[in-house]
1. Can you name the residue in the range 229-252 that is assigned to a helix (DSSP H, G or I) and hydroxyl-bearing (Ser, Thr, Tyr) and is also nearest to Ser119 (Cα to Cα) among such residues?
2. Being in a helix (DSSP H, G or I), over 14 Å from the mean Cα position of the chain (by Cα), modelled with pLDDT of 95 or more and within 18 Å of Tyr181 (Cβ to Cβ), is that true of even one residue in the range 91-103?
3. When the range 13-33 is examined, which residues are found to be surrounded by 15 or more Cβ atoms within 10 Å (Cβ to Cβ), free of Cβ contacts under 8 Å to residues at least 60 places away in the same chain and either in contact with a Phe, Trp or Tyr (Cβ under 6 Å, 6 or more places away or on another chain) or more than 30 Å from Arg170 (Cα to Cα) (or both)?
4. Restricting attention to the range 208-235, which residues are closer than 18 Å to Pro25 by Cα, modelled with pLDDT of 95 or more and among the aliphatic types (A, V, I, L, M)?
5. Condition first: among the small types (Gly, Ala, Ser) and assigned to a helix (DSSP H, G or I). Now tell me which residues in the range 79-90 satisfy that.
6. Return the residue satisfying two criteria in turn: it lies in the range 223-242 and is in contact with a strand residue (DSSP E or B) (Cβ under 9 Å, 6 or more places away or on another chain) and closer than 20 Å to Glu144 by Cα, and of such residues it is surrounded by the fewest Cβ atoms within 10 Å (Cβ to Cβ).
7. Provide a single number: the residues in the range 194-222 that are over 19 Å from Met67 (Cβ atoms) and crowded, with 20+ Cβ neighbours inside 10 Å.
8. Hey, does the range 172-180 have a residue that's surrounded by fewer than 17 Cβ atoms within 10 Å (Cβ to Cβ) and not hydroxyl-bearing (Ser, Thr, Tyr)?
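The values are calculated or read from the model by the stated rules, or taken from the named source; none is laboratory data. No experiment lies behind these values; they were computed from the predicted model shown. Methodologically, a virtual Cβ is constructed for each residue, glycine included, from the backbone with ideal geometry; neighbour enumeration extends over all protein chains shown.
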Amino acid sequence: MDQLSKWFRVFKPVDAPVCRLICFPYAGGGASVFRNWAPFLPDYVELLVLQLPGRENRISETCCVNMMEAVHSFDQVLSSKLDLPVFFFGHSMGAMIAYEYARFIRLNHHIEPAWLFLSGRSGPEEPRRGIDLNRLNDNELIKEVTDNLGASKMLLESSQLAELFIKTMRADLTMMDTYQYIPDEPLSCPITVLSGQSDMSFHSEELLKWRYQTSGNFSTHYYAGGHLYLNTNTEALVNTLSSCIQLFAFKGGQ
């Protein structure tokens with residue numbers, strides 16, 4: 001397996017893509033979260049999804065616990081895919097990774113994503129609200145993510161699956177707990193924030209803090225559902241992203 005295939009799953013390969021959509025999963029999740037997105041995307045969009053170590057086809061590897069170390073690592077293979085317009089989508093933890101990678105490529109490659117889609121996460125300067133999940137014991141953690149965050153009930157039925165999930169989830173929570181926001185000039189690319197209408201993990205005004213992270217256009221979209229609305233409202237969500245991509249591709253961008 002080459003390094004690009006190791007770090008990124010290509011769920012929609014395109015021979016001559018016009019642009020690429022690069023997705024960043026939420027805590028505890030893997031690239032397969034986005035495997036059903038391909039049919040809803042335009043034919044000219046290539047879909048790549050980050051696969052952090054310690055999950056799915058990388059289950060035997062040690063998990064990352066530092067966000068910027070992960071960014072530096074996957075940039076070494078992803079930078080070759082920045083030759084076309086790229087659109088970033090990240091949910092929850094993935095929103096923070098997408099945002100930090102957008103700032104990273106501005107600093108190191110002198111480019112920005114064509115559009116930044118940030119889902120299920122308050123602005124970067126806002127602390128995470130609610131229960132400190134990493135302080136819960138294993139049984140409490142499983143109950144919290146299945147009862148209140150929309151994780152699969154299969155975690156309650158399989159001790160082996162639960163054990164693997166807990167290892168990955170705790171590493172991801174450590175990544176979020178140790179993340180430090182460093183203020184900088186706002187990006188110039190458009191930012192669209194997206195959320196489930198009943199997501200209780202942040203206040204709506206905290207979500208809107210993302211507007212201060214861009215000097216470009218800012219917009220919001222809400223969908224039926226809670227924190228993991230993207231798993232139940234996939235078609236509507238991807239249609240929103242596709243509309244923005246088409247706007248950029250055929251009307252000259254922002």
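1. Across the range 229-252, the extreme among qualifying residues is Tyr229.
2. Yes, that holds for at least one residue.
3. Val14
4. Leu230
5. Ser79, Ser80
6. Looking at residues that are in contact with a strand residue (DSSP E or B) (Cβ under 9 Å, 6 or more places away or on another chain) and closer than 20 Å to Glu144 by Cα, I get Thr232.
7. 5
8. yes
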